[in-house]
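Please read the structure below before turning to the comments.
The values are calculated or read from the model by the stated rules, or taken from the named source; none is laboratory data. Note that the coordinates shown come from a computational prediction; the quantities given were computed from them, not determined experimentally. Cβ coordinates were reconstructed from backbone atoms using ideal geometry, including for glycine residues, and neighbour counts include every protein chain displayed. All accessible areas refer to the heavy atoms of the entire protein, side chains included, with ligands and DNA or RNA removed. Shrake-Rupley method; radii C 1.70, N 1.55, O 1.52, S 1.80 Å.
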Amino acid sequence: MTPLDGGVAAVEARQLVKRFGVVTAVDGVSFQAMRGEIFGFLGANGAGKTTTLRMLCGLLRPTSGTALIDGIDIMAAPLAAKARLGYLDEEPFVHPHLTGREFLDFVADLYRMPSGRQREERMARLLNLFDLADKNGELIGGYSHGMRQKIGLASLLIREPSVLLLDEPTNGLDPRSARLVKDLLEELAARGTTVLLSTHILEVAQALCRRVAIIDHGRIVAVGTMDELRILAGSEGANLEDLFLKLTAGPESREMIERLLEGAS
Amino acid sequence: MSRPGALWVILRSQLVAQRNRLFKRNRAGLIAVTLVTLLFGGFAAGGIFSVGATAGHFLTSSVDPLLSATVTALSLLMLLLGFPTVIASLFVGRDLLQLVVAPVRTRDIFFARLLLAMNANLLISAIFAAGVVGVGIGAGAQPVYYPTALLLIAAQVVAVTSLQAILMTVIARWVPARLARDVAAGVAGLTGVGLYLAWNLSLRQTFGRRGRPDVSSLTSFVRPIDWLPTTWPAHALSAVVAGSIGTALFWSLATLAFAAVLLTMAGLLYERTLLSGLGIFGGAAVVWRRRVERPIRPGRARGAGSPALAIARKDWLGFRRDVRRLTRLLPAVLLPLGWVVAFSQQGRILSGFWSSVALVTFLSIFMSSALALPSIPGERRGFQLLRMAPLTMWQVLRAKVLTALPPVLAIILVFSAVVVLTGKDGPGQLLELLILGLWLAVGFVSISVSGGAIDPRFDATDDRRSVGVLGSLVSLAASLAFSVLSIGALALFVFGAQATTGTIDIGPIISTPELGVAMLGGGVMLVAAAGVLVGSALWIANARLRSFEGTIAAT
């Protein structure tokens with residue numbers, strides 16, 4: 001399913017630009033993620049991934065361009081757009097003085113979810129799913145990074161948004177939890193949730209995403225399926241890592257290592 | 001070429017960090033901070049210098065007890081007020097971890113961090129040094145007095161900082177360093193409250209009918225503590241004033257030796273503490289653990305959740321569980337209580353309704369700035385959660401005002417009632433004061449919440465630094481304007497009502513019912529102006545929050 005297949009765009013970036021003073025962090029980024037798609041957003045550190053995601057979720061105002069969630073401009077109608085999306089930062093926004101259950105309750109209230117038995121049961125199921133149920137009474141401030149990541153994910157899933165923007169969601173997770181998250185994302189996508197997955201773990205992107213966009217120095221250098229990227233890079237049979245390195249045009253790592261070791265010897 | 005030593009490397013990095021903190025910030029903010037520091041520092045140091053010079057000149061025979069009391073008070077203040085800084089520099093901070101795992105001697109870490117740890121103590125001692133210099137000038141001391149005074153005060157700073165480090169190496173065996181720092185900050189706050197009340201009482205005594213300076217109480221206070229090492233520098237300095245060089249040399253050497261012993265002990269104990277992993281690594285999780293959570297009780301559906309109530313409940317839970325915030329609240333609550341206790345004693349009460357109005361106004365500003373000013377920046381990264389939720393910033397502001405209002409209102413209303421009762425004012429005046437208290441609480445809380453929202457520092461780890469200079473100044477200026485308008489309106493209402501019945505004498509102006517009506521009309525206009533002021537502050541805060549992205553981009 002690509003834009004050409006006639007799918008409905010759930011997330012759309014149109015010529016997004018973000019400048020901080022004289023620094024242009026994002027420079028005319030455009031792409032679409034279709035409903036029910038897991039869309040990969042790849043880039044090196046500092047390439048502009050997080051800034052783009054923060055513009056898409058309304059945390060940062062674009063210098064120019066438009067961010068649409070389910071066709072709604074997030075700057076023009078922020079409340080309607082925000083009600084549809086969930087964003088997980090690479091360092092989740094959590095409150096250290098709340099327990100996991102209290103935090104989920106807080107988020108559910110923020111999004112005006114009806115309270116009562118159903119909500120309680122859903123919270124209990126999510127806490128069990130992420131192995132947090134036995135952290136009875138422990139404050140989030142005492143959680144490990146992985147546990148914070150899990151409670152952040154749980155706070156998104158409790159309200160079933162139609163669009164998920166995830167910035168490095170498997171960061172700090174143990175292999176079992178990382179696998180759980182991957183399976184969960186596939187299941188959510190199959191049910192119609194759109195997932196925009198920002199990561200620099202290329203194996204995860206290759207395994208989960210049908211299409212990816214690669215951002216480099218604030219600009220999109222490629223968008224498409226793996227086959228389309230291979231054609232673009234002229235590298236038949238290459239994996240995503242090779243394609244990424246080729247498209248972002250960095251020096252060959254082997255060459256850099258040799259230079260480094262020559263200098264050391 | 002020889003490599004620089006580890007001590008120098010650490011010191012240099014600290015200096016670079018300090019330089020960046022000072023100069024790589026908003027230029028207007030830097031100028032404002034410099035001006036405020038110079039103003040208050042100059043005021044405090046100038047005041048203490050004048051007191052010292054006067055005392056030295058007129059009480060020449062009591063120079064020793066005067067200096068003993070001064071240096072002892074300085075040591076005590078440093079011990080209490082400087083403790084949080086010492087803990088933060090030597091025992092808390094992730095940058096310490098980097099030093100600990102590096103091939104650096106603990107002694108180098110200790111000495112480098114000790115300089116940071118002495119920051120607060122040096123600041124306090126600088127103010128007191130002005131007093132000691134003043135005593136020397138007043139008493140006509142020889143030139144050698146001044147370098148000796150500075151040397152001995154510096155030694156006292158080293159001694160007290162070392163003592164604090166020693167105490168903390170013991171405390172860290174049982175209490176996590178972060179918790180100890182928060183409790184120490186609370187103790188420092190309480191000390192500040194105590195000093196403020198003592199200052200107020202002394203002012204009342206100085207200007208009251210019973211007030212008369214009396215040094216005999218000071219002499220009798222100092223006599224039992226004459227042996228304390230905190231009085232040794234004073235003995236040395238008074239010997240210099242008296243021209244007794246041998247005695248001066250003896251007490252000076254004793255002071256320096258005492259500081260050296262404490263410094264060595266602190267270094268050794270610090271080494272042992274770091275090696276056993278206490279302080280930085282130990283027991284932090286204990287702070288975050290609470291008793292077993294109540295089991296989930298599934299209830300009936302209650303309709304959609306309320307974001308405002310959710311924010312209020314979250315803030316309340318966070319406040320209750322955050323030792324640092326609790327310790328900040330304690331002095332804020334104790335100040336009005338202490339005030340009431342202090343001034344309700346016979347002969348000290350500020351008489352008259354308008355004195356009560358001034359007290360209630362001051363308390364409203366104080367409580368609002370303590371509780372409401374950091375309420376939005378106190379969200380820290382959690383603010384981004386609110387930004388992403390389908391909420392308007394108006395709703396967030398309203399929730400924050402409603403959360404901060406009840407405690408401020410409760411304290412102000414109780415305080416108003418106590419002030420009126422102790423002042424033996426009538427029930428009519430009690431009602432007027434309660435209405436004023438309610439009005440002021442709503443206004444000041446709204447202004448303070450707005451001030452925090454206008455210039456939030458979401459990346460600050462401490463609530464006291466979570467509002468920028470602009471926000472603090474806006475909040476202060478708007479609060480002052482609001483209090484002038486509100487008290488003006490109250491005056492016009494009270495005097496206008498009396499003028500309409502012809503029961504007031506307002507000087508050369510002839511009191512007529514028409515004048516009374518005009519005054520009441522003026523009061524209504526001032527109330528409206530005060531309302532517009534509060535509305536404007538909230539409107540600007542809303543606009544600022546909607547477009548805010550300063551620290552969002554950075555965190």
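Legend: residues A:24, B:255, sorted from most to least accessible area (1.4 Å probe; ligands, DNA and RNA excluded), read A:24, B:255.
Per-residue 3J(HN,Hα) values for the stretch B:269-274, derived from phi via the Karplus relation 6.51 cos²θ - 1.76 cosθ + 1.60 with θ = phi - 60°, read 5, 5, 4, 5, 5, 5 Hz in sequence order (x marks Gly and Pro).
For peptide B:74-82, the mean count of partner chain Cβ atoms within 10 Å of a residue's Cβ comes to 0.
The count of lysine pairs in the stretch A:3-264 whose Cα atoms are under 25 Å apart, excluding pairs fewer than 8 places apart on the same chain, comes to 11.
By the scheme Lys and Arg +1, Asp and Glu -1, what is the net charge of all other residues having a beta-carbon under 15 Å from that of residue A:90? Combined, the nearby Lys, Arg, Asp and Glu give +1.
Here each label is just a point 7 Å from Cα along the line to Cβ, and for residue B:461 and residue B:44 those points are 2.4 nm apart. Dividing the radius of gyration of the alpha carbons in the stretch A:3-264 by their Kirkwood radius gives 0.99 for Rg/Rh.
Taking the helices alone, chain A has a mean residue ellipticity at 222 nm of -11500 deg cm²/dmol, built from -39,500 (n - 2.57) per DSSP H run of at least 4 residues and averaged over all its residues. Each peptide among B:354-362, B:139-147 gets the average number of other Cβ atoms lying within 10 Å of its residues, and from highest to lowest they stand as B:354-362, B:139-147. Summed over both chains, the accessible area lost when A and B associate is about 4100 Å², using a 1.4 Å probe. Taking each residue as 0.36 nm, the span from residue B:245 to residue B:320 lengthens on full extension beyond its C-alpha to C-alpha distance by 21.2 nm. Shielding by partners for peptide B:379-385, expressed as the average number of C-beta atoms from other protein chains within 10 Å of each residue's C-beta, is 6.
Note on surface exposure: B:167, A:156 rank B:167, A:156 by accessible area, highest first, 1.4 Å probe. When all protein chains stay in place and ligands, DNA and RNA are ignored, the 1.4 Å accessible-area order of B:113, A:148, B:325, A:19, largest first, is A:19, A:148, B:325, B:113. Taken along the Cα-to-beta-carbon direction at a fixed 7 Å, the label points for residue A:174 and residue A:219 span 4.5 nm.
Within the listed set A:32, A:15, A:118, the Gaussian network model of chain A (springs between alpha-carbon atoms below 10 Å) gives the highest mean-square fluctuation for A:118. Peptide A:112-124 is shielded by partner chain Cβ atoms: per residue, an average of 4 of them sit within 10 Å of its Cβ. Given a 1.4 Å probe and the protein chains as shown, residue B:7 ends up with an accessible area of around 60 Å².
GNM on chain A, alpha-carbon springs under 10 angstrom: the most fluctuating residue among A:77, A:33, A:233 is A:77. To the nearest 10, the accessible area of residue A:95 is 20 Å² with a 1.4 Å probe. Potential lengthening of the chain between residue B:8 and residue B:34 amounts to 6.5 nm, from the contour at 0.36 nm per residue minus the alpha-carbon distance. Take residue B:265: with every protein chain present and a 1.4 Å probe, its accessible area is about 90 Å².
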